[in-house]
Amino acid sequence: MPLRSVWSDKACPIARGLDVLGDAWTLVIMRELFTGNTRFEGLRVELGVADKVLSARLTRMTEAGLVTRVPYGGSVRPRVEYRLTDAGHDALPVLHALAQWGAAHTTAPEWARPMAITCTVCGNPARSADWCTTCDQPLTTERTEWTRPGADGPPVRLADAA
């Protein structure tokens, strides 16, 4: 029995969007891609996901047009990085909205540091998923920074991952 129905042929755009983005692995893989973790091994290690599951999700994401495979290295064994397409970049507000909703309506573990979404144009926290209400600019990968206060090292900037 399948875990869910296929909704790609539905009239409702929410159902069609969920057909592409409605899998939890897809969203956390996209989170990693937005932060610059673009190689299979890096994704596998960071997410703790089985090779078979990760491979299947990346294949589905490629087929759906969210990512593209970009060869790298000159070794005998072909290697690829997974890069977000325009459609993948356009999903950024979905991740922002989910992060904001999760921060407001779920309880984080005691050890977790909160994630801040900041507009790099004005430096203020994002209060909307797709638009900076302070400087009236869209929150794109080039204009957004994800940080974890108190974290070691520099903040993760989405533009560096593009």
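The values are calculated or read from the model by the stated rules, or taken from the named source; none is laboratory data. Computed from a prediction, not measured in an experiment: that's the story for all the values here. Don't worry about glycine lacking a Cβ; one is built from the backbone with ideal geometry, like all the others, and counts go over all protein chains shown. Ligands, DNA and RNA are excluded from the accessible area calculation, which covers all protein heavy atoms including side chains. Shrake-Rupley method; radii C 1.70, N 1.55, O 1.52, S 1.80 Å.
Taking amide H as placed 1.01 Å from N in the peptide plane, the amide H of Gln137 sits under 5 Å from that of Cys132, each at least 5 places away or on another chain.
Please give the solvent-accessible surface of Arg143 in Å², to the nearest 10, using a probe radius of 1.4 Å with every protein chain present. Only protein atoms counted, so the area is about 80 Å².
Thr59: net charge of surrounding residues, Cβ under 14 Å, Lys/Arg +1, Asp/Glu -1, itself excluded? Let's see the in-between values first.
Values: positive: Lys52, Arg57, Arg60, Arg69; negative: Asp23, Asp51, Glu63.
Summing Lys/Arg as +1 and Asp/Glu as -1 gives +1.
Per-residue extension of 0.36 nm, minus the Cα-Cα distance of Arg83 and Trp25, leaves a gain of 19.3 nm for this segment. Each principal axis of the Cα cloud of the stretch 1-103 was evaluated for its coordinate range; sorted largest first, these ranges are 46, 33, 26 Å.
When nucleic acids and ligands are ignored and a 1.4 Å probe is applied, Thr107 ends up with an accessible area of around 130 Å².
Approximating the spin labels as points 7 Å out from Cα along Cα→Cβ, the His105-to-Ala56 distance works out to 2.8 nm. Computed over the chain, the per-residue total of -39500 (n - 2.57) for DSSP H runs of n ≥ 4 gives a 222 nm mean residue ellipticity of -11000 deg cm²/dmol, rounded to 500.
Accessible surface ranking for Lys52, Lys10, 1.4 angstrom probe, highest first: Lys52, Lys10.
Ignoring ligands, DNA and RNA, what percent of the 1.4 Å accessible area of the stretch 1-96 is carbon and sulfur?
Details: 3350 of 5880 Å².
Using a 1.4 Å probe with all protein chains present, the stretch 1-96 comes out at 57 percent carbon and sulfur.
Surface calculation, 1.4 Å probe, protein heavy atoms: Leu18 sits at approximately 80 Å² accessible. FRET efficiency for the Ser5 to Ala112 pair, using the beta carbon distance and R₀ = 41 Å, is estimated at 0.75.
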